[in-house]
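Written out below as structure tokens is the structure these notes cover.
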Amino acid sequence: MKKIILAVVLSILPLTIFAQGLISFGPKIGWNSNRLTTDYTEYMKDFKSGFQGGVFFSVYLHKFYVQPEAYFSIKRGALQTSFDPLNPNLNISQSVNLQSIDIPVLLGFKVLDLKLIRFRIWGGPVASYILSKEYTLSINGVNESEQVTRDDFKNAIWSAQIGAGLDLLMLTFDIGYEFGLNSFLTIRSLNDFNLRNHLFYCSIGWRLF
């Protein structure tokens, strides 16, 4: 009898938590605009659009909440320079296409919490696991991509996110900025030339609970 009562309680407890709005879960998709950064200031940085989509899981504790996420992300970027005091005719262009699984763990605060609308701010670390990487290097119109090896790429990188969000009924809207904490590419053959991701993104989600 005690086992039956315990089983009933354990089955009702999650429903109670969801009903009280302490936990939410759902899918989300988004768009990002990435800008590669490097230590070399003469490079012109160009924004490139990408995509991300996955799921979120939120646990609310009064005005604070913890929200781990997992999503598939496509990040693109480009750099170009024609400035070199020693070689004014030198023109270098680079482009990158990364596909990764990103896992943010965000800590948020509810600035405004009404019955039908909620305004939030948040931030936290992001672990990214690289699934696919494409890199092209062109020097004066000649493809020099063979100077980059697989060992120049990292398979896992760290970033940080900050942003704000708005919940309206079952919909969630977020805008944020992500900045790379370490380089995803360090080209040893080019004097340890390195690249990091810095991107702006916006997303929309649907709270199933």
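All of the numbers you see were taken from the coordinates with simple rules; none came from a lab. Keep in mind that this is a model prediction, so the values were computed, not measured. Positions of Cβ are generated from backbone atoms using ideal geometry, with glycine treated the same way; all protein chains shown enter the neighbour counts.
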### Task
Could you sort 97-108, 171-182 so that the peptide with the highest average Cβ count within 10 Å comes first and the rest follow in order?
97-108, 171-182
### Normalised convex hull volume, the range 159-207, alpha-carbon set, Å³ per residue
67 Å³
### In Å, descending, principal axis extents of the Cα set of the range 23-206
64, 27, 20
### Task
Place the peptides 147-153, 48-54 in order of packing, highest mean first, counting for every residue the other Cβ atoms within 10 Å and averaging per peptide.
48-54, 147-153
